[in-house]
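**Student:** Dropping the structure in here first, questions after.
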Amino acid sequence: MDIRIATVGTAHWARTVHAPGLRATPGLRLAGIWGRDRSRAEALARDHGVDAFASFDAMLAAVEAVSFAVPPDIQEDLALRAIRAGKHVLLEKPIATNARAAARMLEAADAAGVASVVFFTRRFIPEIATFIDRHAGGRWRTAEAEIRGATFAAGSPYLNSRWRQAPGAGIWDIGPHALSMLVPLLGPVESARLLPPEGRFERFETLHADGARATIRITLHADPGDTCNAYLFSGPDGEVSAPDPSFDRPATLAAAAAALRDRITGHAAAHPCDIRLGAETVRILAQVSPWPTR
C-alpha cells in the first residue's frame with residue numbers, strides 16, 4: 001500500500017517542485033494539500049486532483065508523511081507539530097531559523113522515531129551523489145565554494161520572498177546547500193565565522209575538525225546567464241572540482257521523496273541528508289549570522 005503524503009505550502013516551490021515530484025514517486029500517494037491561504041490550497045489541489053485539507057490537524061490525521069514547502073520560520077513550528085504527531089517529514093532547508101529550534105526538531109524526531117529527509121537539492125542529483133561517493137574520505141585540506149543565484153533577476157519567482165530580501169539572506173538561503181557539499185568531504189565543522197563582504201558576495205569561512213578550511217562566497221544577485229555552483233577541493237593528492245550539472249527539479253524532489261519512502265519502509269538506513277544534517281547546518285549558520293529580518 002502506498003504511503004500517504006501531503007504537501008504543506010502553496011507558493012512556487014510547492015506548485016512546481018513538491019507536488020509534481022511527490023506524484024512522480026513510486027510508493028507514495030499525494031493525498032492532499034494544506035496551506036495558510038485556503039483558496040490557493042484549493043487551486044493547487046485541483047491542479048493535482050487531490051483534496052485541500054480544511055486544517056493542519058485534519059491533514060495530519062489523514063497521512064503518514066508530510067512534505068514542507070514553506071518559509072523556514074513557518075516550517076519550524078509546523079514541522080515540529082507533525083513530528084510530534086508521529087509523521088515522517090520531507091523538510092526544506094534551512095530547517096529552522098535558529099539552533100535552538102533546530103535542536104528541538106531533532107530531539108522530537110529521535111523521540112518519535114520518524115524518518116526524515118532534508119531537501120538539500122544538489123545532493124539528490126546523480127552526478128553530485130557520485131562525486132561525493134568517489135571523493136569522500138580524501139585528504140582534502142581546503143575548499144573554495146562560489147554560488148551565484150539569480151534570485152532577484154527580472155521574472156524570478158522569488159522576487160517577493162520577503163526573508164530573502166534581508167541582509168544575510170544569501171547565507172541562510174544558499175549556505176545550507178554549500179555546507180551539505182562541504183561536510184561530506186572535509187568532515188564536521190568545528191567553527192564558522194563571517195567574512196567581510198566582497199562586492200555583491202556575502203562570505204563566510206568554516207574550520208573543520210581535522211583542520212581543513214573552506215571559504216564560501218554567495219550572491220543572490222547574479223544575472224540569469226551568470227549563475228553557478230562551483231566547488232574546488234584541494235589537498236596533498238591534488239585538486240578536484242565538483243560538477244555543476246543542469247537538473248530537473250521535480251525529478252530531484254522525487255529522488256529525495258524516494259529516500260524518505262525507503263527509510264519509512266525499512267529498505268534503507270538513515271539518509272545522510274536527514275534532519276541531523278539539517279540541524280547541524282543551522283547550528284553552523286547561526287555562528288556566522290543571525291536569521292535575516294527586515
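**Student:** For segment 29-49, which positions are of a type outside the set (D, E, K, R) and either assigned to a helix (DSSP H, G or I) or over 25 Å from the mean Cα position of the chain (by Cα) (or both)?
**Tutor:** Of all residues in segment 29-49, those of a type outside the set (D, E, K, R) come to 30-35, 39, 41, 43-45, 48-49.
Answer for segment 29-49, where residues must be of a type outside the set (D, E, K, R) and either assigned to a helix (DSSP H, G or I) or over 25 Å from the mean Cα position of the chain (by Cα) (or both): Ser39, Ala41, Ala43, Leu44, Ala45, Gly49.
**Student:** Against the definition (modelled with pLDDT under 95, in contact with a Pro (Cβ under 6 Å, 6 or more places away or on another chain) and either buried (at least 17 other Cβ atoms within 10 Å of the Cβ) or more than 27 Å from Ile74 (Cβ to Cβ) (or both)), how does Ala166 come out, yes or no? So that I can check it myself, show each step before the final result.
**Tutor:** Numbers: modelled with pLDDT under 95: yes; in contact with a Pro (Cβ under 6 Å, 6 or more places away or on another chain): yes; either buried (at least 17 other Cβ atoms within 10 Å of the Cβ) or more than 27 Å from Ile74 (Cβ to Cβ) (or both): no.
The answer is no for Ala166.
**Student:** Here's another thing I want to ask about it. Mind checking whether some residue in segment 153-161 is in contact (Cβ under 8 Å) with a residue 40 or more places away in the chain and either touching a strand residue (DSSP E or B) at 6+ places or on another chain (Cβ under 9 Å) or within 20 Å of Ala257 (Cβ to Cβ) (or both)?
**Tutor:** Within segment 153-161, none of the residues are in contact (Cβ under 8 Å) with a residue 40 or more places away in the chain and either touching a strand residue (DSSP E or B) at 6+ places or on another chain (Cβ under 9 Å) or within 20 Å of Ala257 (Cβ to Cβ) (or both).
**Student:** Output yes when any residue across segment 66-73 is touching a Pro at 6+ places or on another chain (Cβ under 9 Å) and closer than 19 Å to Pro20 by Cα, and no when none is.
**Tutor:** Narrowing segment 66-73 to residues touching a Pro at 6+ places or on another chain (Cβ under 9 Å): 72.
If we keep only those that are closer than 19 Å to Pro20 by Cα as well, we get none.
No.
**Student:** Quick one: which of Gly9, Gly35 is of a type in the set (Gly, Ala, Ser), in contact (Cβ under 8 Å) with a residue 60 or more places away in the chain and crowded, with 21+ Cβ neighbours inside 10 Å?
**Tutor:** Values: Gly35 fails: in contact (Cβ under 8 Å) with a residue 60 or more places away in the chain.
Exactly one residue qualifies, and that residue is Gly9.
**Student:** With assigned to a helix (DSSP H, G or I) and either in contact with a Cys (Cβ under 8 Å, 6 or more places away or on another chain) or among the hydroxyl-bearing types (Ser, Thr, Tyr) (or both) as the only criterion, which of Thr97, Thr25, Thr10, Thr16 stands out?
**Tutor:** Numbers: Thr97 fails: assigned to a helix (DSSP H, G or I); Thr25 fails: assigned to a helix (DSSP H, G or I); Thr10 fails: assigned to a helix (DSSP H, G or I).
Criteria check complete, one pass: Thr16.
**Student:** Which residue out of Pro176, Pro196 is modelled with pLDDT of 95 or more and under 19 Å from Thr293 (Cα atoms)? So that I can check it myself, show each step before the final result.
**Tutor:** On the way: Pro196 fails: under 19 Å from Thr293 (Cα atoms).
None of the others qualify; the one that does is Pro176.
**Student:** Among the listed residues Arg134, Arg84, identify the single one that is among the charged types (D, E, K, R), in the same structural domain as Ala257 (by TED's automatic domain parsing), on the phi < 0 side of the Ramachandran plot and out of contact with any strand residue (DSSP E or B) (no Cβ under 7 Å at 6 or more places or on another chain). Can you show your working first?
**Tutor:** Details: Arg134 fails: in the same structural domain as Ala257 (by TED's automatic domain parsing).
None of the others qualify; the one that does is Arg84.
**Student:** Would you check which residues across segment 63-82 are more than 17 Å from the chain's Cα centre (by Cα) and farther than 20 Å from Ala24 by Cα and list them?
**Tutor:** Those that are more than 17 Å from the chain's Cα centre (by Cα) and farther than 20 Å from Ala24 by Cα: Arg81, Ala82.
**Student:** Scan segment 196-226 residue by residue and report those that are hydrophobic (A, V, I, L, M, F, W, C) and closer than 14 Å to Ile284 by Cα.
**Tutor:** Here is the first cut: in segment 196-226, the residues hydrophobic (A, V, I, L, M, F, W, C) are 201, 204, 207, 209, 212, 214, 216, 218, 220, 222.
Answer for segment 196-226, where residues must be hydrophobic (A, V, I, L, M, F, W, C) and closer than 14 Å to Ile284 by Cα: Phe204, Leu207, Ala209, Ala214, Ile216.
**Student:** Suppose the filter is under 25 Å from Gln165 (Cβ atoms), in contact with a strand residue (DSSP E or B) (Cβ under 8 Å, 6 or more places away or on another chain) and either part of a helix (DSSP H, G or I) or outside the structural domain of Arg162 (by TED's automatic domain parsing) (or both); does Leu60 pass it? Give the derivation first.
**Tutor:** Details: under 25 Å from Gln165 (Cβ atoms): no; in contact with a strand residue (DSSP E or B) (Cβ under 8 Å, 6 or more places away or on another chain): yes; either part of a helix (DSSP H, G or I) or outside the structural domain of Arg162 (by TED's automatic domain parsing) (or both): yes.
So Leu60 fails the test.
**Student:** Quickly run through segment 102-125 and pick out the residues that are touching a residue at least 60 places away in the same chain (Cβ under 8 Å) and part of a helix (DSSP H, G or I). Spell out the reasoning first.
**Tutor:** Start the filter on segment 102-125 by keeping residues that are touching a residue at least 60 places away in the same chain (Cβ under 8 Å), which leaves 102-103, 105-106, 109, 115-125.
Hits for segment 102-125 are Ala102, Ala103, Met105, Leu106, Ala109, Thr121, Arg122, Arg123, Phe124.
**Student:** Give the residues of segment 63-94 that are closer than 20 Å to Val282 by Cα and assigned to a loop (DSSP other than H, G, I, E, B), sorted by residue number.
**Tutor:** Ala69, Val70, Pro71, Glu92, Lys93, Pro94
The values are calculated or read from the model by the stated rules, or taken from the named source; none is laboratory data. Remember, predicted model here, so these are calculated numbers, not experimental data. Heads up, the Cβs are rebuilt from the backbone with ideal geometry, glycines too, and the neighbour counts pull from every protein chain shown.
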